[in-house]
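The values are calculated or read from the model by the stated rules, or taken from the named source; none is laboratory data. Just so it is clear, the structure is predicted and the values come from calculations on it, not from any experiment. For neighbour counting, all protein chains shown are included, and Cβ atoms are generated from backbone atoms with ideal geometry for every residue, glycine included.
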Amino acid sequence: MDFDFTDEQNMVRDGISRLIREEYDWDTRRSVIESDAGWRPELWAQLAELGMLAAPFSEEDGGFGGATEAMIIMEEFGKGLAVEPFVPSVICAGGFLKHGGSAEQKEEYIGGIISGEMIFAFAYAEPRGRYDLADLQTTARKDGSDYVINGHKAVVIGAPWATHFVVTARTSGDQRDAAGVSVFVVARDADGVSQRDYGTVDGRRASEVYFENVKVSSDALIGEADNGLPLIEKVVDEATAAVCAEAAGVMQVTNAMTLDYSRQRKQFGTPIGSFQVLQHRMADMLMEHEQSVSMMYLATIKLDEDEATRKKNVSAAKVRIGQAARFVGQSAIQTHGGMGMTDELAVGSYFKRLSIIEGEFGSVDHHMRRHIKLSAA
């Protein structure tokens, strides 16, 4: 697939690539994820200063790009295993505001996202919901002109650093109905909001977030009441494409590490990279990465197509990249041996991130079923 970038897009890649190389070496990342904060606010400020937080937004909304620019940034983030909340804050919250926000909401929040002063977390997953975006026990009950939110959101990535949440809730209908789903902006410091923070296996930070009689005004509603599912699906597809791009970056570095190790590690006095079986394995790893890059491009360029086309291509990319992530990650660990799983070697952290990406925003099996259903239709 031929995918030419504009001069401006190449400048975005050069800028974010340089920042990751200079500011995200392996030792620095280890110290960051082991710190109390778990991230670097100063790096977030640098991203804002460089304009990277504005990249996925159109000029009309104060940015200069779109999905392709987001893909470029996420691929470079993957190479450095960056833990900053670009997906939840910029891709997800920004997506809701771009596609469903009112003029007042865009004016109030998008500028804050682009400047880095506001950080959003996407509170959508629930303990029993699996990957069904409509399976919601969190409710938002109408109370005059306001809404009262009650519920529990699980594994909310980036929540420990958030100033606001984008929350999905059921405003009518039964637990799994497609109709009756709505989306709200909730300030983290609102009365009734509590959370339990923790680290994830891949070095990020997340929270269990609880809403107990949290009152928000009708101005907090994004899009139409009771008809939020199509908007949620669109934004989640954009986030899925973004993590596909991140996976491509993670795989590229994982392959390079494995190739370098095979040239240095000796067995019977000979570098293991000279063994034919390992040469074949590393050739397969290279092909998995190259195919993933093509699928990453496909998912990105189809995001603005009609709903069925978008869904089908995003699911196809997630299936292929999820399979590649598993193969590349496991092959890298097998080549490195047991020491590859220790915290001393960077490859172990790259393997962990690939393992999480495989199931993030829908597993291979989930997206395979969705693709089959859409193709049959």
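Out of Asp219, Asp197, Asp237, Asp191, I need the residue that is surrounded by 18 or more Cβ atoms within 10 Å (Cβ to Cβ) and of a type in the set (D, E, K, R). Which one?
On the way: Asp219 fails: surrounded by 18 or more Cβ atoms within 10 Å (Cβ to Cβ); Asp197 fails: surrounded by 18 or more Cβ atoms within 10 Å (Cβ to Cβ); Asp191 fails: surrounded by 18 or more Cβ atoms within 10 Å (Cβ to Cβ).
Result: Asp237 is the single residue among Asp219, Asp197, Asp237, Asp191 that is surrounded by 18 or more Cβ atoms within 10 Å (Cβ to Cβ) and of a type in the set (D, E, K, R).
Restricting segment 129-146 to residues that are among the small types (Gly, Ala, Ser) and closer than 15 Å to Ala220 by Cα, which is nearest to the chain's Cα centre (by Cα)? Please lay out each step first, then the result.
At the first step, the residues of segment 129-146 found to be among the small types (Gly, Ala, Ser) are 129, 134, 140, 144-145.
Next cut, closer than 15 Å to Ala220 by Cα only: 140, 144-145.
Numbers: Ala140: 26, Gly144: 36, Ser145: 34 Å.
Checking each candidate, the answer is Ala140.
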Go through the residues of segment 54-61 one by one and say whether even a single one is out of contact with any Gly (no Cβ under 7 Å at 6 or more places or on another chain) and touching a residue at least 40 places away in the same chain (Cβ under 8 Å). yes
Condition broken by Arg128, with the remaining ones in (1) without any contact (Cβ under 8 Å) to a residue 12 or more places away in the chain; (2) outside any loop (DSSP other than H, G, I, E, B) satisfied: (2)
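In this structure, does Arg170 turn out to be modelled with pLDDT of 95 or more, over 20 Å from Phe96 (Cα atoms) and basic (Lys, Arg)?
Working: modelled with pLDDT of 95 or more: yes; over 20 Å from Phe96 (Cα atoms): no; basic (Lys, Arg): yes.
No, not satisfied.
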Given (1) in the same structural domain as Ser31 (by TED's automatic domain parsing); (2) closer than 23 Å to Asp189 by Cβ, identify the lone condition not met by Ala82. (2)
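Taking the criterion of being farther than 22 Å from Arg30 by Cα, charged (D, E, K, R) and in contact with a Leu (Cβ under 6 Å, 6 or more places away or on another chain), would at least one residue in segment 262-278 satisfy it? Before the answer, list the steps.
Step one: list which residues in segment 262-278 are farther than 22 Å from Arg30 by Cα, which gives 262-278.
Restricting the remaining residues to those that are charged (D, E, K, R) gives 263, 265-266.
Those left that are additionally in contact with a Leu (Cβ under 6 Å, 6 or more places away or on another chain): none.
No, segment 262-278 contains no residue that is farther than 22 Å from Arg30 by Cα, charged (D, E, K, R) and in contact with a Leu (Cβ under 6 Å, 6 or more places away or on another chain).
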Can you confirm whether segment 158-166 contains a residue that is at pLDDT 95 or above, assigned to a helix (DSSP H, G or I), outside the structural domain of Gly101 (by TED's automatic domain parsing) and touching a Ser or Thr at 6+ places or on another chain (Cβ under 8 Å)? yes
Return a yes/no flag: does segment 91-105 have any residue that is surrounded by fewer than 21 Cβ atoms within 10 Å (Cβ to Cβ), closer than 28 Å to Val293 by Cα and either in the same structural domain as Ser292 (by TED's automatic domain parsing) or out of contact with any helix residue (DSSP H, G or I) (no Cβ under 7 Å at 6 or more places or on another chain) (or both). no
In segment 163-211, which residues are touching a helix residue (DSSP H, G or I) at 6+ places or on another chain (Cβ under 8 Å), among the small types (Gly, Ala, Ser) and within 22 Å of Gly95 (Cβ to Cβ)? Ala178, Ala179, Ala206, Ser207
Only one of these conditions is not met by Asp36: (1) of a type outside the set (Lys, Arg); (2) under 20 Å from the mean Cα position of the chain (by Cα); (3) in a loop (DSSP other than H, G, I, E, B). Which number is it? (2)
Filter result (closer than 13 Å to Ile16 by Cβ and not in a helix (DSSP H, G or I)) within segment 54-93: Ala55, Pro56, Gly65, Ala82, Glu84
For segment 320-330, state whether one or more residues are touching a Lys or Arg at 6+ places or on another chain (Cβ under 8 Å), farther than 30 Å from Thr28 by Cβ and without any contact (Cβ under 8 Å) to a residue 60 or more places away in the chain. no
Can you name every residue in segment 12-30 that is assigned to a helix (DSSP H, G or I) and within 14 Å of Glu84 (Cα to Cα)? Ile16, Leu19, Ile20, Glu23, Thr28, Arg29, Arg30
For segment 31-40, how many residues meet the condition of being in contact (Cβ under 8 Å) with a residue 60 or more places away in the chain and under 12 Å from Pro85 (Cα atoms)? 2
Options Tyr297, Tyr350; residue that is of a type outside the set (Gly, Ala, Ser) and buried (at least 22 other Cβ atoms within 10 Å of the Cβ): Tyr350
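Please work out if Phe96 is under 25 Å from Pro230 (Cβ atoms), assigned to a helix (DSSP H, G or I) and of a type in the set (A, V, I, L, M, F, W, C). Don't jump to the end; show me each part of the working.
Values: under 25 Å from Pro230 (Cβ atoms): yes; assigned to a helix (DSSP H, G or I): yes; of a type in the set (A, V, I, L, M, F, W, C): yes.
So Phe96 passes the test.
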